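Working notes, beginning with the structure itself.
The values are calculated or read from the model by the stated rules, or taken from the named source; none is laboratory data. Keep in mind that what you see is a predicted model, and the values were worked out from it rather than measured. Counting neighbours? That spans all protein chains shown, and the Cβs are built from the backbone with ideal geometry, glycine included.
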Amino acid sequence: MAFVTGASSGLGRGLAVRLAQEGYAVGVAARRWQRLEEVVGDIQDYGGRAQAFECDVSDPDQIRRAVGECRLALGPIELLVANAGVGARSDLQSFSADEVDAVFRTNFMGAVVAAESVLPEMLRRRSGHLVAVSSVAGFGGLPGRAAYSASKAAMTTFFESLRLDLHDSGVAVTVIHPGFVRTEMTGRDGRRRPFIMDVDGAVDRMMAAIEARRPSLMFPKRLAAWPWMARVLPRTMYDFLARRT
């Protein structure tokens, strides 16, 4: 059984439907109840089994409640996809520590609490899979995305460390670093995006990594050098490339 956060649209929705097509019972969680019901309807149209759980991942109690209800309704959670996130943009004039905190509570702590909620049972069974949907933005700061980039950097390093801690436990960890994907989040400001992919193509790559229990995935391939560039390029060149995103 799979539990997917941020499943009302974009990558989360696409993954939930694809997982159901592959035979998983799927618990879908997000804030937008009507959208979740549509996802459940799509899955049931394929003959799959799914249930919706209204949940704001910035609230730890809501996450724990949704996980508990999902377990009772659909059975033990074998796969967690921590996908929920917000793509906040900011500038110096609107900089707010409270907004940064809100982004971290959703993008980072939401994933941490979800993992905390399912991991003990996985460890008892010596079987399970944690999938964290981070971002290429987690490898280097991007203009106008200080909070978002930092939250994804935290997510990446946390789940990479957790993967090392879970060695030989039977529980796998996969950290996924998408580039730009054509979703509601990327379409809000009308900016052109380099190497942008559609949701179906992104989901194909993510499913392959999940099925292979790969430790990490970055896509598209043309961005695979981004972590290296963020660390070794001269600052002037990195700044030039970052401003073009």
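Descriptive notes on the structure:
- Looking only at the stretch 122-144, residues that are in a helix (DSSP H, G or I) and out of contact with any helix residue (DSSP H, G or I) (no Cβ under 8 Å at 6 or more places or on another chain) come to 4 in all.
- Candidates PHE95, PHE104, filtered to the one that is surrounded by fewer than 23 Cβ atoms within 10 Å (Cβ to Cβ), over 23 Å from ASP61 (Cα atoms), among the aromatic types (Phe, Trp, Tyr) and free of Cβ contacts under 8 Å to residues at least 60 places away in the same chain: PHE95
- Residue list for the stretch 50-69, restricted to those being more than 16 Å from GLY6 (Cα to Cα) and either surrounded by 15 or more Cβ atoms within 10 Å (Cβ to Cβ) or touching a helix residue (DSSP H, G or I) at 6+ places or on another chain (Cβ under 6 Å) (or both): GLU69
- Filtering the stretch 170-219 to residues that are modelled with pLDDT under 75, closer than 16 Å to GLY14 by Cβ and in a loop (DSSP other than H, G, I, E, B) leaves ARG182, THR183, ILE196.
- Restricting attention to the stretch 112-128, the residues that are under 23 Å from ASP56 (Cα atoms) and either of a type in the set (Ser, Thr, Tyr) or in contact (Cβ under 8 Å) with a residue 60 or more places away in the chain (or both) total 3.
- Entry remark, the stretch 145-168: residues being part of a loop (DSSP other than H, G, I, E, B) and of a type in the set (Asp, Glu) number 1 in total.
- Any hit, the stretch 222-237, residues being modelled with pLDDT of 65 or more, in contact with a strand residue (DSSP E or B) (Cβ under 7 Å, 6 or more places away or on another chain) and surrounded by 12 or more Cβ atoms within 10 Å (Cβ to Cβ): no
- Hey, LEU72 over 23 Å from ALA147 (Cβ atoms) and either surrounded by fewer than 16 Cβ atoms within 10 Å (Cβ to Cβ) or not polar (S, T, N, Q) (or both) or not: yes
- For the stretch 140-166, the tally of residues that are within 22 Å of ARG13 (Cβ to Cβ) and either surrounded by fewer than 21 Cβ atoms within 10 Å (Cβ to Cβ) or small (Gly, Ala, Ser) (or both) stands at 1.
- Given (1) crowded, with 23+ Cβ neighbours inside 10 Å; (2) touching a residue at least 40 places away in the same chain (Cβ under 8 Å); (3) not basic (Lys, Arg), index of the condition LEU36 fails: (2)
- Condition check for ALA52: over 20 Å from ALA202 (Cα atoms), aliphatic (A, V, I, L, M) and modelled with pLDDT of 95 or more: yes
- Scanning the stretch 108-139 for residues that are among the polar types (S, T, N, Q) and surrounded by 23 or more Cβ atoms within 10 Å (Cβ to Cβ) turns up SER134, SER135.
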